[in-house]
Amino acid sequence: LLSLFLPMMLGAQQWEIGLDNNPVINGGVMDESETAILVGYEYDGDIYHAAAFKIYEDGEYEVFSFNKEYKNISLHNIVRLPDGNYFVSGSEDIGSSGNNNICDIHVMILDDNLNVIKHEKHSADENFIFGDQHDIIVDDDKVIMVCETFGDNIWGRKPTFLKFDIDGELQDCMYPTYVEEDDSYGYNHIDFSFNQLKKRPDGSGYVVIAKYTGTGMHLLMYDNDLKFQDNIRIEHPDNEPYYNSPLYNDYGVCSDLWPADAGGYGL
């Protein structure tokens, strides 16, 4: 029995909830009835499978285990769609290349009762590798995903964008095209493994929050067609012990992005 602490902003209540089968929670949303819908996976030894959880306002909960069709899949993200269904994304580890995991991307459409309406698996083009981390947002009638990508014809780690309709159908996959001699980002080894994708507050496009441990954070700006516009770098303080130190690794720093007073961006 694993105790999972879920501090929830529901009248400042908090419960200790015991869940069987060693769950790992990666993402979640609140529905209109203030029920938390969480996604992740359950594991028993080396075997794991996709799972979702409903935590109700009174502390009661339900577990939805997808252990038959969805072995070795970790769910990462969930967003609520305009029609009331949920779009869920996850990854399946299918191997490794050097220090990089090779993954397939899975997307699922769940109804309000967390029944699977649709499930699709997406493998990278033969010239690329999908990493296991990604992020998704809903933007009107589409879902946009950013995924860390590796490949022989690109230098370092770069983002790939996948565009889905609200029924879970893949509409477009925009692979990076940068090469070592023409690196628009200015740094070859930006770490997208803990990326976040945000809609720009003024509606002019999107921002990917990335990190570069030795230098600082990066806000990668894109227009509404997901064409790269700018790389805004936020440097580490130029003093010890933080500068170029693994103690200052940005994992907790790039937690969210908020509009600033002057129409810019603040962390």
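The values are calculated or read from the model by the stated rules, or taken from the named source; none is laboratory data. None of these values were measured; they are calculated from a predicted model. With ideal geometry, Cβ positions are generated from the backbone for all residues, glycine too; neighbour counts draw on all protein chains shown. Areas reflect the complete protein model, heavy atoms only, side chains present, ligands, DNA and RNA absent. Shrake-Rupley method; radii C 1.70, N 1.55, O 1.52, S 1.80 Å.
What about residue 186, is it open to solvent by less than 30 Å² (accessible area, probe 1.4 Å), farther than 30 Å from residue 29 by Cα, part of a loop (DSSP other than H, G, I, E, B) and at pLDDT below 95?
On the way: open to solvent by less than 30 Å² (accessible area, probe 1.4 Å): no; farther than 30 Å from residue 29 by Cα: yes; part of a loop (DSSP other than H, G, I, E, B): yes; at pLDDT below 95: yes.
No: the conditions fail for residue 186.
Condition check ((1) surrounded by fewer than 18 Cβ atoms within 10 Å (Cβ to Cβ); (2) closer than 19 Å to residue 19 by Cβ) across all residues:
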position: 65; (1), (2): yes, yes
position: 77; (1), (2): no, no
position: 80; (1), (2): yes, no
position: 89; (1), (2): no, no
position: 93; (1), (2): yes, no
> Can you tell which of 128, 164 is surrounded by 13 or more Cβ atoms within 10 Å (Cβ to Cβ), out of contact with any Cys (no Cβ under 9 Å at 6 or more places or on another chain) and modelled with pLDDT of 95 or more?
Replying inline: 164
>> Given the options 152, 139, name the one that is at pLDDT 90 or above and surrounded by fewer than 20 Cβ atoms within 10 Å (Cβ to Cβ).
In response: 139
>> Give me the residue from the range 37-63 that is open to solvent by less than 20 Å² (accessible area, probe 1.4 Å) and of a type in the set (Val, Ile, Thr) and, out of that set, farthest from residue 25 (Cα to Cα).
In response: 55
>> Any residue at all in the range 115-124 that's touching a strand residue (DSSP E or B) at 6+ places or on another chain (Cβ under 8 Å), hydrophobic (A, V, I, L, M, F, W, C) and either modelled with pLDDT under 90 or crowded, with 21+ Cβ neighbours inside 10 Å (or both)?
In response: no
>> Please determine whether any residue of the range 44-66 is on the phi > 0 side of the Ramachandran plot and modelled with pLDDT under 85.
In response: yes
>> Quick check on my filter: what residues within the range 118-134 are acidic (Asp, Glu) and within 10 Å of residue 151 (Cα to Cα)?
In response: 125, 126
